[in-house]
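The structure appears right after this line, and notes come after that.
Derivation of every value follows stated rules applied to the coordinates shown; laboratory data play no part. A quick note: this is a predicted structure, and the numbers were derived from the prediction, not measured. Virtual Cβ from ideal backbone geometry, glycine too; neighbours counted across all protein chains shown.
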Amino acid sequence: MSQNDTEKKISAHDLAQKFEQEIKEAIAKKFSIDAMYLSLLLEDEDGAYWSQEEPGTLCCLVVGEKDGHLYLATAKMAKDKEGLDNFRCDVIS
Amino acid sequence: MEQERINQEKNNKEESVEKPGILERVTAWRAKRLMEKDSLDKAEQLAERLIEKGSFNTAEQLADRFIDEGSFDRAEQLMDRLLEIETEMKRMKDEVRKNTQKEIERVSRASGNGASAYIEKILDCEVEGREVMGVASKKIKFIKRNIYPDHRESDKLYGSGDIEEENNEANKEKREREINEPLLREAGRRRNLILEKKGLLELSREDFEEYFVSEEFDFQVDMRQKNVGNCYLIAAIHAMSCSSHFEMIIRSSIKHLPDKSWEVRMPLMSRNSEVITVKSQDLMPQSNENFGEPMKWSDKIDRREVLLPVKAKEGLKVLEAAYMKYKFETVDRLSVHGGVSVDALGALCGSENFFLRTVTSFVYDEKRKESKGTCLDVLSGKDKEYLDYFLKNFDPEVHIAAAGSRHIDESTSRGRILKELNDRKKEEGLVYIRPGHAYSISKVDPENETVTIVNPHDTLEPIKMTFKDFKREFSQLSIARVNSAKLLRNMDTITEEVM
C-alpha cells in the first residue's frame, strides 16, 4: 500500500470519527430515528474509506442498532481541506 | 334488564334486515325476467343497482350468463364491481368497529346511556348490507352534529383514528435516494468484505457459482417446481436468491464435503443452528407411497408414481432437501405438500439475523392444506399501512419477499365464476395468477405502481402486474429483512468462538 493510500486510510477513519456527530445527525434527521442508536463501523477496516468511484468523497458505514439497517453516509472534503460538508445518507440493507 | 332489551332489539333487527327489502326483491325479479328475454344490457343496469344495495345474487347470475355467452370481459367487469363494493362495505364496517369502544365511552359521557346503547346495538349486529351501514353512518352523523358540534373535535374521534406508532416502518414516507448507484454498490461490496473477514465462509466462491447460480442467465437462479406441492418453499428460496445477501447467506451456511455430500446450517447463518447433512440420494426422485390412493387434501386420485425434486442446480436441490430434513427429519416429498412462504422463510432465515413479517387476509386450513380468504385489498389498519409502505419501499437490497395468491372456493357460485374467468385468462395467454399458489417478488416499481412476481414453475419468466391487480389476486405477503446490526454482532461472536 502506498503512503498516500495509508494516509488516506487513516484519514478516512479519523475524519469519520471527528465528524461522527454530523454523520449520525444526518441519518437521524432523514430517517426520523434516534441518533443514540447509530454506530459507526470504525472498528472495521472497510467501515470508513475514500470512495474509488467518486474521488474526494468520504464514505462511512453506520449500523442502526435498533432498526437493524445498515446505512451509508457520505461527505465531501471541504474547500479548506480540513473539514467535511455536503453530508448525505441512504440505506444499504 | 337493559342488556336483555338491547339483545332482543338486536335479534329483531337481524331478522328484519336478513331478507332483502321489497324494492330489492322486485328489482331482482325484474332483472331475472330481462335475462330470460335476453335484455342483458337492462338486466346489467338493474344488477348494478342491486350491488349498491348490497344484494349480489343477481350480479352473480348475470356474470354466469355472460360467461355462457362468451362475454368474458363483461363478466369480469361485473365481478370486479361486485368485489369493489364488497371491499368498500367491509372497510366501512371495520372503520366503524375500530372506533367503537372510544365512541361509546365518549358518547356515554356526553349524552348518557341512550346513544351509546344504540351504537352498541348497531355495531354488534353481524348482518351485512348497506342498510345497516347507512343507519350506522346516519347515527354517527347525528351524534357528530349534536354532541360534538365542533367538527374538528369529532374528526379526531371519527377520522383516521389513532394510528399506533409502535410500527414506525409503516408510517415513514419513502425517502428519496441521495447517493448515486455507483457509491451504493461500492458500499455493498465493502459490506460484503466486512462480513467475509468476520464470518466463516465455508463455501468457496467457485462452488457457489457452480452449484447455485447460472452464468448463462446472468447469475440468476433458475428453478422449476415439478410435481410436489411445495411452491411456498421454492418461492421462498427464489426470493432469497433475488437478495444481494444471497451469496453471503449461502457461503456462510453451507459446506460441500469431500465425499460430495453437503452440510447445511438451518436456519441459515444462525449461531444456534442445526447441522443437516444432505447426501446425493436425498436429491433423487422418490417413489410415491400414495400412488393410486386418494390425495389427503382432495378427492382426486394421486397419479404420481414418482415425486420429483425441484429442477434446478444441485445447491438449490440441497436447500430444498435440507428444509424437508429440518422440518420432517427426512426428505418427505409428500409431507412437504402445502404450506405458506412465511413458514419457509422462517425456517430458512430464522429470526436471529432477520426481521420476519407477514400480512394476510386469509385463514390457512391445516387439515385440508389450503387457504381460504379474500385478497389484500380488504386489509385495514396497521396491515394496510404496512402493505402500502412495503409497495412504496421494496428494495431487493433490504427485503426478501414472497406472496400467496388467493384461494378460490369452487363450492360457491362466486368461486366457480372466478375459476372460469381465470381459466379463460390462461387459455388466452393473458396474465394468469394460479389460485392458492406462492410467488416470489423480484421487483417493485412505485412510480409506475407495478409489482414483478415470479412463478416457481419457471423462475426465468417474471410476471409484471399493477398494484391494484396484485392486491386483488393475492391474499398473503411474507417478508424477511436482514438485521444488519445483529448480523455483524453475531459474526463477531462466531469469529471469537472459533479463535
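Tabulate in residue order the Karplus-calculated ³J(HN,Hα) for region A:47-53, using 6.51 cos²θ - 1.76 cosθ + 1.60 with θ = phi - 60°, rounded to whole Hz; enter x for Gly and Pro.
Once rounded to whole Hz, the list reads x, 9, 7, 8, 5, 8, 6.
Is chain A rounded, prolate or oblate when judged by the Cα gyration tensor, a ≥ b ≥ c being the square roots of its eigenvalues, rounded requiring a/c under 1.5 and prolate requiring a/b larger than b/c?
prolate
Net charge within 12 Å of residue B:270 by Cβ-Cβ distance, Lys/Arg positive one each and Asp/Glu negative one each, not counting residue B:270 itself?
Result for the neighbourhood of residue B:270: +1.
Please state the shape class of region B:266-389: rounded when a/c is under 1.5, otherwise prolate if a/b exceeds b/c and oblate if not, all from the C-alpha gyration tensor.
Oblate is the answer for region B:266-389, as a/c is 1.5 or above yet b/c matches or exceeds a/b.
Tell me, in nm to one decimal, what length is gained between residue B:68 and residue B:300 on full extension, where the rule is 0.36 nm per residue of separation less the Cα-Cα distance?
Once the chain is fully extended between residue B:68 and residue B:300, it gains 80.8 nm.
Applying a 10 Å radius around every beta-carbon, put B:327-334, B:383-390 in order of their mean neighbour count, most first.
Packing proxy ranking, top to bottom: B:383-390, B:327-334.
Here is the link list: B:327/B:426; A:29/A:66; B:226/B:327; A:66/B:471. Which ones come out longer than 24 Å on Cα distance?
The pairs that break the limit, which is 24 Å between Cα atoms, are B:327/B:426; A:66/B:471.
Hey, rough spin-label estimate for residue B:426 and residue B:489, points 7 angstrom out along Cα→Cβ, what's it come to in nanometres?
4.9 nm
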